[in-house]
Ligand code: C5P
């Protein structure tokens with residue numbers, strides 16, 4: 001059996017560039033992995049089987065863990081079953097990339113359990129078929145991502161940062177939020193330079209999806225205001241929400257179902273997170 005951590009991600013900034021003919025949006029975003037993680041136990045077996053520590057996660061073939069396993073079988077021609085136990089800590093419908101991270105972790109686990117038949121760069125390239133955010137996890141945890149999120153430019157780790165993740169009861173569906181983006185008010189400057197400034201300690205946090213999320217779930221705007229009142233310098237939604245990250249000297253004194261202190265993490269080149 002192989003046990004791996006499957007970390008959550010944040011979008012420290014997220015710019016929507018335009019809407020594409022295929023319905024996706026081109027974006028430019030600084031992605032960062034954080035210590036908040038699921039724990040996943042993998043074992044090769046006769047048949048595919050998944051159990052999960054929480055009830056609201058599908059354990060059938062719609063789970064991205066099985067989509068990743070199917071992709072691995074299709075690309076390598078190898079035949080195997082996979083037994084998985086998922087200990088879920090990352091909230092879903094939060095913009096924290098939990099499902100995408102689980103998929104990337106599954107590809108890494110299969111490659112390890114099957115004696116490394118595939119180069120990591122190839123696994124990363126394949127993984128965009130499972131979801132736009134999956135290839136990012138094959139970076140070392142800090143990357144500037146473009147296209148629909150799948151074009152990953154690896155960056156050096158950022159300076160250490162402790163932060164709080166906060167999520168209300170209500171989640172958000174990613175397509176619902178993208179549908180509400182105001183396509184008439186997009187800026188299209190090159191943001192790689194902005195990403196590099198984070199490394200030098202000059203951080204500009206923003207998320208073009210935040211306004212769209214406030215249209216889908218108006219209570220989020222009041223939640224953000226309350227979190228700012230808790231004393232944080234930065235309060236920003238991650239991805240398509242509905243989770244926020246809060247940076248600075250504040251303490252989240254609100255009564256919310258998910259509040260957790262965490263920090264940026266990175267992985268070493270030859271090991272998972
Ligand atoms: O790639 P993924 O399956 O995670 O995307 C889920 C949905 O989010 C897409 O079907 C699309 O509606 C929206 N999306 C988008 N532009 C992106 C990423 C996702 O419009 N760059």
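The values are calculated or read from the model by the stated rules, or taken from the named source; none is laboratory data. For clarity, every value in this text was computed on a predicted model and none was experimentally measured. FYI the Cβ positions are ideal-geometry reconstructions off the backbone, even for glycines, and counts take in every protein chain you see.
Data overview
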item	result
Qualifying residues in segment 177-196 (those that are away from the ligand (no atom under 11 Å from the Cβ) and outside any loop (DSSP other than H, G, I, E, B)) - the one modelled with the lowest pLDDT	185
Segment 166-184 residues that are under 17 Å from residue 22 (Cα atoms) and free of Cβ contacts under 8 Å to residues at least 12 places away in the same chain, paired with ones that are within 9 Å of the ligand (Cβ to nearest atom) and assigned to a loop (DSSP other than H, G, I, E, B) (beta carbon under 9 Å, 6 or more apart)	175/23; 175/240
Residue that is nearest to residue 167 (Cα to Cα) [pool: residues in segment 231-252 that are out of contact with any strand residue (DSSP E or B) (no Cβ under 7 Å at 6 or more places or on another chain) and within 16 Å of the ligand (Cβ to nearest atom)]	241
Complete set of residues in segment 252-273 that are more than 28 Å from residue 175 (Cβ to Cβ) and touching a residue at least 40 places away in the same chain (Cβ under 8 Å)	252, 254, 261, 263, 264, 265, 266, 267, 268, 269, 272
Condition check for residue 132: touching a residue at least 60 places away in the same chain (Cβ under 8 Å) and away from the ligand (no atom under 16 Å from the Cβ)	no
Test set (1) part of a loop (DSSP other than H, G, I, E, B); (2) within 16 Å of the ligand (Cβ to nearest atom); (3) surrounded by fewer than 24 Cβ atoms within 10 Å (Cβ to Cβ) - residue 118 fails condition number	(2)
From the options 146, 142, residue that is under 17 Å from residue 28 (Cα atoms), away from the ligand (no atom under 15 Å from the Cβ) and under 15 Å from the mean Cα position of the chain (by Cα)	142
Segment 100-115, residues that are within 15 Å of the ligand (Cβ to nearest atom) and touching a strand residue (DSSP E or B) at 6+ places or on another chain (Cβ under 8 Å)	100, 101, 102, 104
Single condition residue 83 does not satisfy, out of (1) more than 21 Å from residue 42 (Cβ to Cβ); (2) more than 12 Å from the ligand (Cβ to nearest atom)	(1)
Flag if residue 201 is within 16 Å of the ligand (Cβ to nearest atom), assigned to a loop (DSSP other than H, G, I, E, B) and either at pLDDT 95 or above or surrounded by fewer than 20 Cβ atoms within 10 Å (Cβ to Cβ) (or both)	no
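The rows are residues; the columns are (1) out of contact with any helix residue (DSSP H, G or I) (no Cβ under 7 Å at 6 or more places or on another chain); (2) part of a helix (DSSP H, G or I); (3) at pLDDT 95 or above; (4) surrounded by 15 or more Cβ atoms within 10 Å (Cβ to Cβ).
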position: 215; (1), (2), (3), (4): yes, yes, yes, yes
position: 222; (1), (2), (3), (4): yes, yes, yes, no
position: 227; (1), (2), (3), (4): yes, yes, yes, yes
position: 240; (1), (2), (3), (4): no, no, yes, yes
position: 246; (1), (2), (3), (4): no, no, yes, yes
position: 252; (1), (2), (3), (4): no, no, no, yes
position: 255; (1), (2), (3), (4): yes, no, no, no
